[in-house]
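See below for the structure under consideration.
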Amino acid sequence: MAVLPIRISGDPVLHSPAREVEQIDDELRTLVADMFETMDAAPGVGLAAPQVGVPLRVFVYGWTDDDDVEHRGVAVNPELFITPTSTEPADPDDESEGCLSFPGERFPLARGARALLRATDLEGARYELEVDGWLARIFQHEFDHLEGRLYVDRLGRPFDRVAQKIERKRGWGVAGLSWLPGRDDLDA
Ligand code: ZN
């Protein structure tokens, strides 16, 4: 297993739709193991394959809720159905989201409160999960990655401008940038 470099906003792999996984084989299992290790090292609560430079429809997640229950899994070729997003402005205290491909920043973003995930696991079995709250947010965030969309692309004013400014200031927004958890120090 290995910790993989995480691509930063601007790399084309993050901004184009990923391809369906055609075969669950050892190569995919290794990728998923590396993705879990990378997510845990970052640390993060979710990671999509395009973030490690692989344009495939796979994401992993790992998040512990307030009752200390750990939710951890992998979604291959997922489908996601969500309840409508509130039209109220997002609450900066309760609805701020971050992304390992836009490291060190968090911005408020409204999401659908509930989600239904249908996906394939590493044994090739299709499963279904109905979730709400943060897990629903994580699934929406990771699913967006597979569509070539970052959460900063969804921000409302004034946060969209702020994110653009940060991207320029840090020299992101170009191809080929990445950071390696455990090696690169982030001012997160
Ligand atoms: Zn992300």
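Coordinate-derived values only; no laboratory data. Small disclaimer: the values here were computed from a predicted structure and weren't measured. Here the Cβ is made from the backbone with ideal geometry for all residues, glycine too, and neighbour counts use every protein chain on show.
Rounded to the nearest 20, the Cβ-based charge dipole of the range 6-178 about its Cα centre (Lys and Arg +1, Asp and Glu -1) stands at 1040 debye. Of the GluC sites (Glu not before Pro) found in the range 1-43, the ones in coil according to DSSP and having at most 15 other Cβ atoms within 10 Å of their Cβ are E20, E22. Separation of the range 39-112 and the range 13-36 by C-alpha centroid, Å? Distance between centres, Cα-based: 17 Å. Between R72, R170, R106, the GNM of the chain built on Cα springs shorter than 10 angstrom shows R170 fluctuating the most.
What's the Kirkwood radius of the chain in Å, using all Cα pairs?
On the way: mean 1/r = 0.0596 Å⁻¹.
Value: 16.8 Å, from the Cα pair sum.
Net charge near P108, counting Lys/Arg +1 and Asp/Glu -1 over other residues with Cβ under 12 Å of its Cβ?
Numbers: positive: R106, R111, R137, R154, R157; negative: E88, D91, D93, D94, E95, E97, E105, D160.
Net charge around P108: -3.
Using the Cβ of K165 as centre and a radius below 14 Å, the other residues enclosed give a net charge of +2, where K and R count +1 and D and E count -1.
Which net charge results for the neighbourhood of V152, defined as the other residues with beta-carbon distances under 12 angstrom from its beta-carbon, given Lys and Arg at +1 and Asp and Glu at -1?
Details: positive: R106, R149, R154, R161, K165; negative: E97, E105, D144, D153, D160, E167.
Summing Lys/Arg as +1 and Asp/Glu as -1 gives -1.
Return the ratio Rg/(2.2 N^0.38 Å) for the range 44-91, where Rg is computed over Cα atoms only. Provide the component values of the computation, followed by the final result.
Working: Rg = 13.9 Å, N = 48, 2.2 N^0.38 = 9.6 Å.
Cα-based Rg divided by the globular estimate yields 1.45.
Under a GNM of the chain (C-alpha, springs under 10 Å), which listed residue has the highest mean-square fluctuation: R111, R157, R19? Between R111, R157, R19, it is R157 that shows the largest mean-square fluctuation. Of all the options T64, T87, T38, the one that moves most in a Gaussian network model of the chain with Cα springs shorter than 10 angstrom is T87. Using Cβ point charges alone (K and R +1, D and E -1), the dipole size of the range 89-188 about the Cα centre works out to roughly 500 debye.
Between D66 and R114, the FRET efficiency from the beta-carbon distance, with R0 = 25 Å, is close to 0.90.
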